[in-house]
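Reading through the structure tokens given below for one structure.
The values are calculated or read from the model by the stated rules, or taken from the named source; none is laboratory data. Every value quoted in this text rests on a predicted model; they were computed, and no experiment measured them. In this analysis, Cβ positions are derived from the backbone assuming ideal geometry, glycine residues included, and neighbour counts consider all displayed protein chains.
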Amino acid sequence: MSSEIKLAFAHPSERAEATADGDPFDRISVRDHTVDIEIGAFQAERGVTQRICFNIVVEVRPLTGPIDDDVDRILSYDKVTEAIAFELADERLNLLETLAERVAERILLEPQAMRTFVRIEKLDRGPGALGVEIMRARQHSAPLRAEEEPAPQPELVYLSNAAIASPHLTGWIDQLEASGKPVIFCVGPSEAPAPQVPHKMAQRRIDLLTIEQNAWVLAAKDARCVVVDTRTELDWAMRNGQTCVWAPSKIVLDAVDGPVDPRDAVALAAWFADTFDAPEMIVIGDTAPHDTPVRLRCLSADQTTL
């Protein structure tokens, strides 16, 4: 085996040593850190967990002066495992590449971290380990998503079927847009009964799709209502004054702690509102369920002002 091939399959610590430039950095490593998570782009990987193994090396700026056996003076291993745990809890991901990038970004926020090697492998997708490895240096690290300028606080509004059909709909949208806040509408399923199947995961998708069908019904009522299904689109829309209708499938299915049963559409919308830390959500033409994470303000579908 050539030295290049051997190095390609070596532990990240050997890669770090072989690619060191100038004065070497100190290194800390986490080896064979294995967790069970749901990840993957294939349908067979949804609804199940699989073992993911992390091997990470972080090159750190050498300390000046004595360590004094003080844990606060060093980059703790816990910062590495916390970076892994934080990104795994943030949202369900399809790609190991995305997870590796996000873990590397978070590690490089630590002041002492200069360069990191992140190797992530799936252990249950075949007879061997399938994985990716990346190297990122501080000067190449993008700002963490959480540190970007926050999007404006949206006005979350749930519309019942009666509200969607109401002659007051255009007037409500006028009033909401006049407030200056970005508006996100949530809807429930149409009146037509959804197909029923004995498979729980399939039924969940069917129930979400019936909501999305109704989202397009609302979009057809007023050209200002644009159906969106990703958080990136929502963030862009809020920054650019676009009124949105939430299509829930992607965000719900990708959420680590998303609602299991989407048939309670108001509760589903309240969960979504909570992801924005919204203080309240307006509900037009429906009643409020118990124990929602945000305050609900219920209005009649007959009233003309909000």
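Remarks
- Of the strands (runs of 3 or more DSSP E) that lie entirely inside segment 208-286, not one contains 3 or more residues that are at pLDDT below 95 and more than 20 Å from Asn94 (Cβ to Cβ).
- For the condition modelled with pLDDT under 95 and closer than 27 Å to Glu38 by Cβ, Pro195 qualifies.
- Of all residues in segment 248-292, those being surrounded by fewer than 16 Cβ atoms within 10 Å (Cβ to Cβ), among the polar types (S, T, N, Q) and under 22 Å from Gln213 (Cβ atoms) number 0.
- Filter result for Thr81 (surrounded by fewer than 18 Cβ atoms within 10 Å (Cβ to Cβ), not aliphatic (A, V, I, L, M) and not in a helix (DSSP H, G or I)): no
- Between Ile211, Ile173, Ile184, the distinction of being in contact with a Gly (Cβ under 8 Å, 6 or more places away or on another chain) and either under 21 Å from Ala278 (Cβ atoms) or of a type in the set (S, T, N, Q) (or both) belongs to Ile211 only.
- Among the candidates Arg297, Arg204, the residue that is within 23 Å of the chain's Cα centre (by Cα) and at pLDDT 90 or above is uniquely Arg204.
- Search result, residues across segment 167-192 that are out of contact with any Ser or Thr (no Cβ under 9 Å at 6 or more places or on another chain) and part of a loop (DSSP other than H, G, I, E, B): Pro167, Ser179, Gly180, Lys181, Glu191
- Tallying residues that are surrounded by fewer than 19 Cβ atoms within 10 Å (Cβ to Cβ) and more than 20 Å from Thr275 (Cβ to Cβ) within segment 89-100 yields 2.
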